[in-house]
Amino acid sequence: MIPIVTIDGPSGSGKGTLAKKLSIDLKWNYLDSGLLYRCYAFFYRKKTQEIDQELASLKFNFSDEMEQVIWNQTDITQELRGNEITLLSSELSQRKEVRKELYLIQKSYHKMPGLIAEGRDMSSTVFPNSKIKIFLTASIDQRVQRRANQLRNAGQKVNISELKKEIELRDSRDTERIHSPLSIVEGAIKIDNTNESVETTIKRVKKLIYERY
Ligand code: DC
């Protein structure tokens, strides 16, 4: 049995930070499924014919503080995190055929010694047999602030009220879509980290991992 922890939640809930840190500490594999949807949107916008072949050619480099996606020897990380791809990936992720195309790629990350998978439908659809399902969330204002800090750190200008509207739009698309909407599945542990440090959340999840695996 290959251990797995699935972490789902809305934009800005801190899933990425939590999942990345856990995977580094445990030396497990890491799946940022949202990043795959972003890569899909990147190739879709380029009108690429064989998107799956291009997806397979990507190189993902992660460390505690950074992430990098390399395509054709070019660093495309900034573009993937930019506004255009953020909106396009949110739109495309509603389509059944897009979700189907990414399904097997996501499954292929489930390898020894273990996997931390984060996204919207990790616990419900992609890895429903996961023994540790986390639903991570935080208040809308906290999530807006986190996203604003991310954008500022990337050198972008931020308009808080527009950002809030954009996040609310993505929230409603994620929760109301027909195919694999974001939801709290049975057995999931809900963690609201509005007033909780990353370290505290990590400790809580590690305790669950030691108990259940
Ligand atoms: O987590 P993120 O913001 O990088 O994800 C980008 C988009 O992909 C987001 O709008 C929702 C979608 N997504 C999804 O539908 N299912 C997932 N498992 C992960 C992301």
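The values are calculated or read from the model by the stated rules, or taken from the named source; none is laboratory data. Quantities reported herein were computed from a predicted structural model and do not represent experimental measurements. Here the Cβ positions follow ideal geometry from the backbone for every residue, glycine too, while neighbour counts run over all protein chains shown.
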Looking only at region 161-168, decide whether some residue is modelled with pLDDT of 95 or more and closer than 26 Å to Gly187 by Cβ.
no
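Could you check how many residues of region 165-188 are assigned to a helix (DSSP H, G or I), among the charged types (D, E, K, R) and surrounded by 14 or more Cβ atoms within 10 Å (Cβ to Cβ)? Full working, then the answer.
Going residue by residue through region 165-188, those that are assigned to a helix (DSSP H, G or I) are 165-176.
Checking which are among the charged types (D, E, K, R) leaves us with 165-166, 168, 170-171, 173-174, 176.
Subset that is surrounded by 14 or more Cβ atoms within 10 Å (Cβ to Cβ): 166, 168, 170-171, 173-174.
Qualifying residue count, region 165-188: 6.
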Of all residues in region 26-70, count the ones that are assigned to a helix (DSSP H, G or I) and out of contact with any Cys (no Cβ under 7 Å at 6 or more places or on another chain).
20
Helices (runs of 4 or more DSSP H) (entirely within region 71-124) containing at least 3 residues that are under 16 Å from the mean Cα position of the chain (by Cα), within 9 Å of the ligand (Cβ to nearest atom) and under 17 Å from Ile51 (Cα atoms):
83-92, 96-107
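Between Glu162, Glu196, which is more than 16 Å from the ligand (Cβ to nearest atom), at negative phi, free of Cβ contacts under 8 Å to residues at least 60 places away in the same chain and part of a loop (DSSP other than H, G, I, E, B)?
On the way: Glu162 fails: part of a loop (DSSP other than H, G, I, E, B).
Matching residue, one of Glu162, Glu196: Glu196.
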Qualifying positions in region 72-124 - surrounded by fewer than 13 Cβ atoms within 10 Å (Cβ to Cβ) and of a type in the set (Phe, Trp, Tyr):
none
Given the conditions (1) in contact (Cβ under 8 Å) with a residue 60 or more places away in the chain; (2) surrounded by fewer than 18 Cβ atoms within 10 Å (Cβ to Cβ); (3) among the β-branched types (Val, Ile, Thr), every one holds for Val144 apart from (2)
Of all residues making up region 130-141, the number that are assigned to a loop (DSSP other than H, G, I, E, B) and in contact (Cβ under 8 Å) with a residue 60 or more places away in the chain:
3
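Matching residues to (1) touching a Ser or Thr at 6+ places or on another chain (Cβ under 9 Å); (2) among the basic types (Lys, Arg); (3) modelled with pLDDT under 95; (4) within 13 Å of the ligand (Cβ to nearest atom):
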site: Asp8; (1), (2), (3), (4): yes, no, no, yes
site: Asn29; (1), (2), (3), (4): yes, no, no, no
site: Asp32; (1), (2), (3), (4): no, no, no, yes
site: Arg38; (1), (2), (3), (4): yes, yes, no, yes
site: Lys47; (1), (2), (3), (4): no, yes, no, no
site: Glu54; (1), (2), (3), (4): yes, no, no, no
